[in-house]
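Peer 1: Before we start, here is the structure in question, set down as structure tokens.
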Amino acid sequence: MPLISLPDGSQRQFDQPVSVLAIAQDIGPGLARATLAAEVNGKLVDASYVVAEDASIAIVTPKDPKGLEVIRHSTAHLLAQAVKQLYPSAQVTIGPVIEDGFYYDFAFERAFTPEDLQAIEARMTELVEQDLVVSRRVMARDDAVAHFQAMGEEYKAKIIGDIPQGDEISLYGQGDFEDLCRGPHVPRTGVLGAFKLMKVAGAYWKGKSENEMLQRIYGTAWPDKKSLNAYLTRLAEAEKRDHRRIGQKLDLFSLQEEAGGGLVFWHPKGARIRRAIEDFWRDRHVAAGYELLYTPHIALQTLWDTSGHTDFYRESMYRPMEEDNQLYQLKPMNCPFHVLIYKNTLRSYRELPMRWAELGTVYRHEMSGALHGLMRVRGFTQDDAHVFCTEAQIEAEILEILDLTLDILGSFGFENYEIVLSTRPEKSVGSDEIWDKATGALRAALQNRGLSYGVDEGGGAFYGPKIDIKIEDAIGRSWQCSTVQLDFNLPERFGMEYVADDGSRRRPIMIHRALLGSLERFFGILVEHYEGRFPLWLAPVQAVVLNITDRQADYAVKIADSLRKQGFRMESDLRNEKIGYKIREHTIQRIPYLLVVGDKEMESGLVAVRTREGDDLGQMSVEALAQRLQSESASRGRN
């Protein structure tokens, strides 16, 4: 007689073992129709799962994040079934859920075409309309291997062969298709239907380049057509905002293949924006009590041996260079350099906390296939900072860092964010006591500021707990930029010390902290967030002066020079073109202010002011315009 406890605190008693679906039906027929799966004592199971003992149960519907995962996993199987029906010689391999969708890898003798994707998607729709029952069965490991070998599915047989003896092998079937899977899955194919196949790409078996190349079909799936259409609209908007296209159109940066992939060339206009970002970053850090550092781009490999990077980070490091029988390494991180400066002299507790920041360029050996515009490059500048403090100072320093982080992100127009606290993983360094104190300090700082946050249990780095902040851009996408990480490892590896108030030698706590992350990546995010329409304080050209005829050319130059000397980024367009053409062209270039001068403006010493949005602000004196520009720049778009 199982007693079922529900999330709202209510309980239901049943006279005999009962399925999840029957429990949902007992609660209400509407819930039963929406049931995809359930969490039974924290474990995700199928709707057909039978509960024989007392349990806590939460019904999973399409509205739940875990329900969406079940939908996407089941749609991957739907894809595989459609492929097998249309192309029987294709072999299925793996088909996991990914962000915003799923994929499935196939071994097939020819390349899938766009026409194939249309046919596969149409067959998937037919299978949904058939509303096939999805059922689960269990087989012994060796029987499962033989089963898939008999079907000609050699890849599935290999996957099962890697599973330890004695493990339960579950198979899910729907109609004429059966696949290896842990599940859970939707109860019937009819609950699917809001999906779309996106593209085909190559993928190595098990992700290893020495293995055979497979074909990966990507798809997306959602609870309903409305959600699917909203996602496709976001994709179209993201394509319109692609920083690579806008960067080329506005002449901001380039990636020159002659120099090597993943290396960024900042053009004059892009460099102006970068300088504005860096100047603001430096000013805010100095005001927050940070000292600014500059460190080398290379160091002896022995330094990276000491820091542990050659053991744990070797694949992302470039090969060392030999000089005078010694090996030098391009730096993948700035951290060890800051540690060396700390160790340059014996420190006292009176000097702590020490806050050091650097815009340090680092180099990572990224695979060419992973490179993506400014978002994934090989050489980039981190807005790195490290705080060295005592255990007692952790919470206060984290509060300072959080305040600085949210203020700076807000100044760039990011007001919505997600915060995650990651705790101690299974493999870690440091005592239980210091981990508990450090994690408690991070938690207390977040609560002190009234910030809502999630917890990633066991998701911290091996060397300490951390706080990650994801910003939300103008079209609702999340970007991981800011991170605050406590480190008990490097102080130990480098033998860092300070003299405590009782004269004893103690280890400082090291806090790694990045607010923007990579400047290159953050710049790409900014381009897409604003679609190239940067706020005035960031715009590479803040205003352009346009003369109507040659008679006003000297006056236009005088206006531009006057504003430039006041610190504004100015241009003048003296071409012999119609004024409408000039206005249209500079509007396309997304310049915030267009200053038109004709005979009337020249005679009165004024300028006619237009915005890139098309607003006519009328005539202004140069002094009034300068005040407007100064005020708007200082506010950084904030009211």
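Peer 1: By how many degrees, between 0 and 90 and to the nearest 10, does the Cα long axis of helix 553-565 differ from the longest principal axis of the chain?
Peer 2: The helix 553-565 is inclined about 70 degrees to the chain.
Peer 1: Would you please classify the overall shape of segment 560-638 from the alpha carbon gyration tensor, given that a ≥ b ≥ c denote the square roots of the eigenvalues, rounded means a/c under 1.5, and beyond that prolate means a/b larger than b/c while oblate covers the rest? Walk me through the numbers before you get to the answer.
Peer 2: On the way: a/c = 1.61, a/b = 1.22, b/c = 1.32.
Verdict is oblate for segment 560-638.
Peer 1: Based on the alpha-carbon gyration tensor of segment 474-592 and its eigenvalue square roots a ≥ b ≥ c, which shape applies: rounded if a/c is under 1.5, prolate if not and a/b is larger than b/c, or oblate?
Peer 2: On the way: a/c = 6.29, a/b = 2.71, b/c = 2.32.
Prolate is the answer for segment 474-592, as a/c is 1.5 or above and a/b outweighs b/c.
Peer 1: Another question, if that's okay. What are the principal axis extents of the Cα atoms in segment 3-60, in Å, biggest first?
Peer 2: So the three principal-axis extents are 23, 22, 21 Å.
Peer 1: Measuring from centroid to centroid over Cα atoms, what is the spacing of segment 258-313 and segment 143-217 in Å?
Peer 2: Segment 258-313 and segment 143-217 have Cα centres spaced 44 Å from each other.
Peer 1: Which entries in K208/K466; K63/K206; K84/K240; K156/K208 show an alpha-carbon gap greater than 27 Å? Intermediate values should be presented prior to the final figure.
Peer 2: Working: K208/K466 31 Å; K63/K206 33 Å; K84/K240 36 Å; K156/K208 17 Å.
Distance filter (> 27 Å) returns K208/K466; K63/K206; K84/K240.
Peer 1: Would you pull out the residues with amide H under 5 Å of M198's amide H, same chain only if 5 or more places away, H placed 1.01 Å from N?
Peer 2: Residues meeting the amide H criterion: Y218, G219, T220.
Peer 1: FRET efficiency for M1 and R314, Cβ-Cβ distance as r, R0 = 60 Å, nearest 0.05? Could you put the intermediate results ahead of the total?
Peer 2: Numbers: r = 59 Å, r/R0 = 0.98.
About 0.55, to the nearest 0.05.
Peer 1: Give the angle, between 0 and 90 degrees and rounded to the nearest 10, that separates the Cα long axis of helix 225-240 from the longest principal axis of the Cα atoms of the chain.
Peer 2: 30
Peer 1: Pick out, from C389, V186, I160, the residue whose Cα sits farthest towards the positive end of the charge dipole of the chain, with +1 on the Cβ of Lys and Arg and -1 on the Cβ of Asp and Glu.
Peer 2: C389
Peer 1: Another one. What relative contact order, as a whole-number percentage, does segment 543-635 give when Cα pairs under 8 Å and 6 or more residues apart are counted? The partial results should precede the final answer.
Peer 2: Working: 136 pairs, mean separation 25.9, N = 93.
Over segment 543-635, the number comes to 28 percent.
Peer 1: Tell me, what is the percent relative contact order of segment 104-233, built from C-alpha pairs under 8 Å that lie six or more residues apart?
Peer 2: Details: 184 pairs, mean separation 37.5, N = 130.
Once divided by the residue count of segment 104-233, the mean separation gives 29 percent.
Peer 1: If r is the Cβ-Cβ distance from Y581 to D561 and R0 is 35 Å, what FRET efficiency results, to the nearest 0.05? It would help to have the intermediate numbers written out before the result.
Peer 2: On the way: r = 24 Å, r/R0 = 0.69.
Taking R0 as 35 Å, the efficiency between Y581 and D561 is 0.90.
Peer 1: Over 28 Å between Cα atoms: which of K343/K470; K158/K199; K199/K427 fall into that group? The partial results should precede the final answer.
Peer 2: Numbers: K343/K470 33 Å; K158/K199 26 Å; K199/K427 38 Å.
The pairs that break the limit, which is 28 Å between Cα atoms, are K343/K470; K199/K427.
Peer 1: What 222 nm value per residue comes from the helices of the chain, counting each DSSP H run with n ≥ 4 as -39,500 (n - 2.57) and dividing by all residues, nearest 500 deg cm²/dmol? Mind showing how you got there, number by number?
Peer 2: Working: 20 runs with 227 residues, N = 639.
Taking each H run of at least 4 residues, the total per residue is -11000 deg cm²/dmol.
Peer 1: Also, quick follow-up: Quick one: grab the alpha carbon gyration tensor of segment 161-262, order the square roots of its eigenvalues as a ≥ b ≥ c, and give me rounded if a/c is under 1.5, else prolate or oblate depending on whether a/b is larger than b/c. Mind dumping the intermediate values first?
Peer 2: Working: a/c = 3.70, a/b = 1.49, b/c = 2.48.
Oblate, since a/c reaches 1.5 and b/c is not below a/b.
Peer 1: For E457 paired with A236, estimate the spin-label separation in nm (one decimal), with each label point 7 Å from Cα along the Cα-to-Cβ line.
Peer 2: Computed distance between label sites E457 and A236 equals 4.3 nm.
Peer 1: Give me the Kirkwood hydrodynamic radius of the chain, using the inverse of the mean 1/r over all pairs of distinct Cα atoms, in Å to one decimal.
Peer 2: Values: mean 1/r = 0.0342 Å⁻¹.
One decimal place: 29.2 Å for the Kirkwood radius.
Peer 1: Percent relative contact order of segment 27-137, based on C-alpha pairs within less than 8 angstrom and at least six residues apart?
Peer 2: Details: 114 pairs, mean separation 19.8, N = 111.
Rounded, it is 18 percent for segment 27-137.
Peer 1: Helix 622-635 versus the longest principal axis of the chain: what angle, 0 to 90°, nearest 10, using Cα atoms?
Peer 2: Helix 622-635 sits roughly 30 degrees off the main axis of the chain.
Peer 1: Which whole-Hz ³J(HN,Hα) couplings does segment 184-193 yield from phi under the Karplus relation 6.51 cos²θ - 1.76 cosθ + 1.60, θ = phi - 60°, glycine and proline marked x?
Peer 2: Listing the rounded values in order: x, 10, 5, x, 8, 5, x, 7, 8, x Hz.
Peer 1: If you don't mind, another one. Hand me the trypsin sites (Lys or Arg not before Pro) from segment 107-164 located in a DSSP loop with no more than 12 other Cβ atoms within 10 Å, in residue order please.
Peer 2: Hits after loop and neighbour filter: R110.
Peer 1: Using the basic label-point model (7 angstrom from Cα toward the beta carbon), what is the S604 to E492 distance in nanometres?
Peer 2: Calculated label separation equals 7.4 nm.
Peer 1: Trypsin sites (Lys or Arg not before Pro), restricted to segment 257-335: which are DSSP loop and have at most 14 other Cβ atoms within 10 Å? Walk me through the numbers on the way to the answer.
Peer 2: Working: sites: K269, R272, R274, R275, R282, R284, R314; in loops: none.
Nothing satisfies the criteria.
Peer 1: For a Förster distance of 56 Å, can you work out the FRET efficiency between the beta-carbons of E257 and V138, rounded to the nearest 0.05?
Peer 2: Values: r = 53 Å, r/R0 = 0.95.
Rounded to the nearest 0.05, the efficiency is 0.60.
Peer 1: Restricting attention to segment 320-354, which trypsin sites (Lys or Arg not before Pro) occupy a DSSP loop and are surrounded by at most 16 other Cβ atoms within 10 Å? Please list the in-between numbers first.
Peer 2: Numbers: sites: K343, R347, R350; in loops: K343.
Those that pass, being in a loop and sparsely packed, are K343.
Peer 1: Could I ask something else about it? With only Lys, Arg, Asp and Glu charged, each at its Cβ (+1 for the first two, -1 for the last two), find how big the charge dipole of the chain is about the Cα centre; round to the nearest 20 debye.
Peer 2: Details: 76 positive and 93 negative charges, 305 e Å.
Approximately 1460 debye in magnitude.
Peer 1: Of the options A76, A140, P223, report the single residue whose Cα projects farthest towards the positive end of the charge dipole of segment 65-237 (beta-carbon charges: Lys, Arg +1; Asp, Glu -1).
Peer 2: Positive-most Cα among the choices belongs to P223.
Peer 1: A follow-up question, please. Once phi is turned into θ = phi - 60°, what whole-Hz ³J(HN,Hα) does the Karplus curve with 6.51, -1.76 and 1.60 give for every residue of segment 96-105, x standing for Gly and Pro?
Peer 2: Whole-Hz 3J(HN,Hα) from phi for segment 96-105: x, 7, 10, 4, 6, x, 7, 8, 9, 9.
Peer 1: Net charge near D573, counting Lys/Arg +1 and Asp/Glu -1 over other residues with Cβ under 10 Å of its Cβ?
Peer 2: Working: positive: R575, K582; negative: E571, E577, E585.
Taking every Cβ under 10 Å from that of D573, the sum is -1.
All of the numbers you see were taken from the coordinates with simple rules; none came from a lab. Computed from a predicted structure; not experimentally measured. For neighbour counting, all protein chains shown are included, and Cβ atoms are generated from backbone atoms with ideal geometry for every residue, glycine included.
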